[in-house]
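Please read the structure below before turning to the comments.
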Amino acid sequence: MEVSVERRARKLVDILESGGSNCGLLVVKGGVVMRCPGEPFTDLPIAYDEADLNNAIELNLIEKRKKLIGSVTGSSGWEWYVVRERAAK
């Protein structure tokens, strides 16, 4: 992987970490957004694309998780990417 490509992937992870421990990344129409749950949750578009997200996955910096919201019987949620525990600073 080229240095510039790796640098973008690592910067993407830095942005995710700065969002807080309860935020994750989603791909929406080819772009990456940072979702931070709350009432209501917020999606913040960031200047990275799906390729940058895939590079961060390839570098083993982030992992896919499922975020559940609501009660057990009526729960819903989404899949998103969060910082891997061992990659955290």
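The values are calculated or read from the model by the stated rules, or taken from the named source; none is laboratory data. This structure is a prediction, so every number in the text was calculated from the model and none was measured. Heads up, the Cβs are rebuilt from the backbone with ideal geometry, glycines too, and the neighbour counts pull from every protein chain shown. Surface areas here come from the heavy atoms of the whole protein model, side chains and all, with no ligands, DNA or RNA. Shrake-Rupley method; radii C 1.70, N 1.55, O 1.52, S 1.80 Å.
Return the residue satisfying two criteria in turn: it lies in segment 47-68 and is hydrophobic (A, V, I, L, M, F, W, C) and out of contact with any helix residue (DSSP H, G or I) (no Cβ under 6 Å at 6 or more places or on another chain), and of such residues it is nearest to Cys36 (Cα to Cα). Only one residue fits best here, namely Leu68.
Considered as a group, the residues in segment 12-43 that are more than 26 Å from Met1 (Cβ to Cβ) and among the hydrophobic types (A, V, I, L, M, F, W, C) include one that is least open to solvent (accessible area, probe 1.4 Å), and that residue is Cys36. Within segment 52-69, restricting attention to residues that are in contact (Cβ under 8 Å) with a residue 24 or more places away in the chain and part of a helix (DSSP H, G or I), the residue that is surrounded by the fewest Cβ atoms within 10 Å (Cβ to Cβ) is Glu58.
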